[in-house]
Structure formats: structure tokens, C-alpha cells
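Report on the structure given below.
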Amino acid sequence: MNVISVTDLDDPRLDPYRDLRREDVRRRGPLFIAEGRLVVQRLLASHYETVSVLAEAKRLPWVAERASAATPVLVISSDGMREVSGFNFHRGLLACGRRISMLPAETLLQEHADAHSPGLSDEVALGAIAVSDAENLGSLIRTAAAFGIDRLVLSRQTIDPLCRRVLRVSMGTALRMRMFDLADPLGWLTENERLGRWFTIATTLEPGAIPLSQVARHPEFHRRPKLVLMGNEGDGLPAELSRACTVRGVIPMAPGIDSLNVAVAGGIAIYELFRHERTGGEPQ
């Protein structure tokens, strides 16, 4: 294990870990931070490069079992880690990963040139359009991963899916996702419908939307891969994006209640999709 004892808090190798409370969730720089044992473990086991691990001495046996021999392990005192990071919820363990560039969302259209090929109808992806809260995005990703979804399609107005808080709330499952950059949501959705590739579901409260439990009755639902789109916490999906989707789905709610938290709504929507995919049937 490549252990490096750090006593000088001005050491430049500590720069990625400085003042993490002020993390800019909009800026997607080349590096990101994993916090705590579970998320660090998933970073070490992922396809992302681990640039370094920052650990208190008591964590070294744990790190030694999981880190590669080449990964720098920076050992620092508890007080030093708290001073550098600016908080004390990391339980003595942080790591720095190197970001992998997102693929353009257009590659999803190329992958499914024959949308009716066997097996493609089982694929489900999650789309986040201008989701602005780290806990909401982290919860959405964690739910998606629990149902086997490994593709995440993100508009550029959505916060960084690898920021520390998203990684923490997602329990590191964001590191398992293939991420796609949706630079032009309306253009992509329009082209997708023209080509008949992904079965896109807009989650919306707009008039004319059908209950999510009825979406599986659509004749194309069981023939195409599916992309469920979640919108901004306050405004939802823009109307022009909803109209560009294959279907618009709504979660029926009690009178006087007009919205759900986006993470809760996403969980319900994903469950509905997988319920019918796993049974192969339609709602009763």
C-alpha cells in the first residue's frame, strides 16, 4: 500500500479535499469526492480512477484490503482532516476520484437502431431534467439502481451527479451508472419519436396525462426500451418536453394534493414500469 503521512496541511495533495462544505454542485470539474466507508468502497471497486484516499490512521487496515498498491493513501490526523475538509461527518475516510466524460445522449439512439430487437424492451433508463436538489437526485439514483437501472440521462441544468452529497445519498450507486449528456432535450426527444427508438414517459400533472398504472397498455410499451423522465422540483417537466414524449403519465392523488416530492414520484414511476415488465402483463 502506498501510504503517505501528511502533516503539512498546505500540502497540495490535500487540495481536492479542502472546505467540502462549500462544494459547488453546478461545477463539474475533473475530480470528485467520495465520503465514508461505503461510498469510498464503491469508488475503489468502480471503473473510475481513485486519485487518492485520505484516511485517519485507524482506517488503514480497512483501506489496505481494498485499495490497489498504486493508489496514494494520505494519512492525516483527525484534527487535520476536520480542518482541511471543514466538517466531521466523514468518519475518518474520504477519497478523490477522477471523472469520466459523459457520453452524448445521441449514442442512445444509435445503440437502439433496431428498437424491436429481442431483449431491448427490458432496458429502462432514468432521465433527470433540471433536478436541482442533491438529496432528490441521490434518492432517484439509489431507487433506479435498486431496480437494475444503470443508465442515467441528464440535462445540463441538473446538478452534478457525482457531487459529494449526491454520492452520499445514492449510497455510491451513482458510480455504477452509465451517464449520458442530454444537451438538447427537446431536439433529442423529437428525433427519438421520429425514429421510434425509446419509449419515453413524461411524469407530469398536465391535463390529458394518463395514470401511470395504465402506461403499460400502450401497444409499444413492451416492444421498446423505456426512458422515464423526471422534472424540476418546483416546475416539473416543461410542457414542450412532455408533449414530445411517447406518453404522459400522472400519479393519481387525493383531491387538494397536487404534487409529490420528485424522488418519491420517481420511485413510484419506476416501480410501475418494472411491475409490468416483470410480470409481462397489463394492469388489472
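All of the numbers you see were taken from the coordinates with simple rules; none came from a lab. Everything numeric in this text was worked out from a predicted model, so none of it was measured. Note that we place each Cβ from the backbone using ideal geometry, even for glycine, and neighbour counts take in every protein chain shown.
Report, by residue number, each residue of segment 26-50 that is among the aliphatic types (A, V, I, L, M) and not in a helix (DSSP H, G or I).
Residues of segment 26-50 that are among the aliphatic types (A, V, I, L, M), as a first pass: 31, 33-34, 38-40, 43-45.
LEU31, ILE33, ALA34, ALA45 - these are the residues of segment 26-50 that are among the aliphatic types (A, V, I, L, M) and not in a helix (DSSP H, G or I).
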(message) Contact list please: Cβ distance under 9 Å, first residue in segment 189-207 and part of a helix (DSSP H, G or I), second residue acidic (Asp, Glu) and surrounded by 14 or more Cβ atoms within 10 Å (Cβ to Cβ), pairs at least six apart or on different chains.
(response) GLU191/GLU106
(request) Would you please list the contacts, defined by Cβ atoms under 7 Å and residues six or more apart or on different chains, that run from a residue in segment 159-174 that is closer than 18 Å to ARG98 by Cβ to a residue that is surrounded by fewer than 22 Cβ atoms within 10 Å (Cβ to Cβ) and among the small types (Gly, Ala, Ser)? (result) CYS163/ALA134; VAL166/ALA134
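Per-residue answers, yes or no, for (1) crowded, with 20+ Cβ neighbours inside 10 Å; (2) in a helix (DSSP H, G or I); (3) within 20 Å of the chain's Cα centre (by Cα):
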{"position": "VAL3", "(1), (2), (3)": "no, no, no"}
{"position": "SER52", "(1), (2), (3)": "yes, no, no"}
{"position": "VAL63", "(1), (2), (3)": "yes, yes, no"}
{"position": "MET81", "(1), (2), (3)": "yes, yes, no"}
{"position": "ILE100", "(1), (2), (3)": "no, no, yes"}
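Restricting attention to segment 213-266, which residues are part of a strand (DSSP E or B), within 20 Å of ASP122 (Cβ to Cβ) and either free of Cβ contacts under 8 Å to residues at least 12 places away in the same chain or not small (Gly, Ala, Ser) (or both)? Steps first, please.
Filtering segment 213-266 for residues part of a strand (DSSP E or B) gives 226-230, 232, 236, 247-250.
Checking the rest, the ones that are also within 20 Å of ASP122 (Cβ to Cβ) come to 226-229, 247, 249.
Hits for segment 213-266 are LYS226, LEU227, VAL228, LEU229, VAL247.
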